[in-house]
Amino acid sequence: MELTRSRTGLLAGISLLAVVFTVALTFATLQLPVVLGNWLSKYFPDIHPVIEPERVAEFMTVARPIGYACLAVIAILIVAGIVTGKRKLSILGSLAFFLPTFGYFFASMFFLAGLSILRVLFIPFWDPSANLMNFGDISYLAYMALVYPFWLGGIDIREVVAWVAIGIGLFIFVLGTIAWFYGKAQKRKTVDFWIYRHSRHPQYLGFIIWSYGVMLFAAQQMVPMGGSNPGASLPWLLTSLVIIWIALAEENKMRREDNAAYVQYTAHAPFMFPIPKFISTVATFPMKLVLKKNRPETGKEFLATFAVYATLLILLSSPFVLLDFPAGIGWSDWPGFVPGIPGPIMNL
C-alpha cells in the first residue's frame, strides 16, 4: 500500500513538473522570437521592397549564395546521418532546416529583416512563381478539418489550434524526457512505462506536434504590403519525415541490443501513437512495396524509403499548388470571413 502511494505521489509530482515546464516552454516558443527579432533588427534592418528596391537587390546578391550553401550543408548532414546511421547528424540537420520557421514571427516589410534573416535558408524555395514552399501543404489537412466546421459557425479557432498543438507537443515531450531519465536511472535497457506505454517515441512525437503548431503560427502571420507568406509546410513535412526515420533507426539499434525485451515491448506499444490497423497498413504499404519487408535496416534502405515517402507527400500536396489553394494571400487569410457577415470572424 505504501509503495503504491509512493508511486502515485511520484507520478503526480512528475505530471505537475511536466505541466510547469510545458507552460514555460510554450510561452518561450512565441516570446523568444520576438525578443531575438528586436535585437537582430539592429544588424538586419527592415527594407521596403517598393521604396528601396536597389538595397533589396544588393542584399539578395549576398544572401542568395549563402542560402544555397546553408541548404546544401543541411542536406548533406541529413543524408549522411541517414546513410551512415549517425543519427545526431540527421537530428542536427533537421532542426536546422526547421529553425527558419521562427523567422515568420517577426513582422517586417523585407522577408529577411530581423529574426527573418533565418529564412535565408529558404531562399532556394522562396519563389512566388513556383510556390515550392507549398509542396508540403498536404500537412494542413488536419488543420482544415478542425478549423472549417467552427468557421461555418462563425468562430475562429485558428490560433487556438496552433496554441493547443504547441502545448500538447511540449507536454508529451517533457513527459517522455522525464520518463526516459527515470528509466535510465533505474538502469533499464528498455523504457516501457508511463507515457512509453502509449508511444515508443514520445519525445519525437512531442517534437512533431510542437513543430506543427509552430508551422501553423508561421502560416497565420500577416502578409506585409507587397510581400508574401508561403508558410513553412514543406520544411515541416521533410523535418518530420527525418525525425520518423531517426526513430526507426533507433528501433533497429534497440532490437540488436535488447532484442527479446524490445520486440515484446513493440508488440504492445504503438510506434508514435495508437492508430487503426487499416491506417497503419496503408501508411506502411509504400515501404513494404519498396523494401519487400516490414522496415528498413541499412542506410541505403532508409534513404530509399525516405525519398519514396517525401515524393508521395509532395505529389499529394501538388493539387494545392496547381489549384492555387488557398487563393489570395494564402493560409494567413484562410478560411477568410464568415459567409454573409462582413468583417473578420470572431476570435474565440
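The values are calculated or read from the model by the stated rules, or taken from the named source; none is laboratory data. Note that the structure is predicted; figures quoted are calculated from it, not measured. Here the Cβ is made from the backbone with ideal geometry for all residues, glycine too, and neighbour counts use every protein chain on show.
Values as computed for the structure displayed
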item: Output for the range 134-156, where each listed residue is among the small types (Gly, Ala, Ser), assigned to a helix (DSSP H, G or I) and touching a helix residue (DSSP H, G or I) at 6+ places or on another chain (Cβ under 9 Å); result: Ser139, Ala142
item: Evaluation of Phe106 against (1) over 18 Å from the mean Cα position of the chain (by Cα); (2) buried (at least 19 other Cβ atoms within 10 Å of the Cβ); (3) under 28 Å from Leu315 (Cβ atoms) (one fails), failing number; result: (3)
item: Scope the range 16-39; condition buried (at least 19 other Cβ atoms within 10 Å of the Cβ) and under 27 Å from Phe59 (Cβ atoms); matching residues; result: Pro33, Gly37
item: Members of the range 162-181 found to be of a type outside the set (Gly, Ala, Ser) and surrounded by fewer than 21 Cβ atoms within 10 Å (Cβ to Cβ), listed by number; result: Trp163, Val164, Ile168, Thr177, Ile178, Trp180, Phe181
item: Among (1) surrounded by 13 or more Cβ atoms within 10 Å (Cβ to Cβ); (2) modelled with pLDDT of 85 or more; (3) in a helix (DSSP H, G or I), the one test that Met272 misses; result: (3)
item: Residue satisfying all of: in the range 289-302; crowded, with 16+ Cβ neighbours inside 10 Å and either in contact (Cβ under 8 Å) with a residue 24 or more places away in the chain or charged (D, E, K, R) (or both); nearest to Ile246 (Cα to Cα) among these; result: Phe302
item: Enumeration of residues in the range 69-103 that are of a type in the set (Val, Ile, Thr), surrounded by 22 or more Cβ atoms within 10 Å (Cβ to Cβ) and either touching a Gly at 6+ places or on another chain (Cβ under 8 Å) or without any contact (Cβ under 8 Å) to a residue 12 or more places away in the chain (or both); result: Ile78, Ile82
item: Failed item, numbered, when Leu16 is tested on (1) without any contact (Cβ under 8 Å) to a residue 12 or more places away in the chain; (2) under 23 Å from Phe125 (Cα atoms); result: (2)
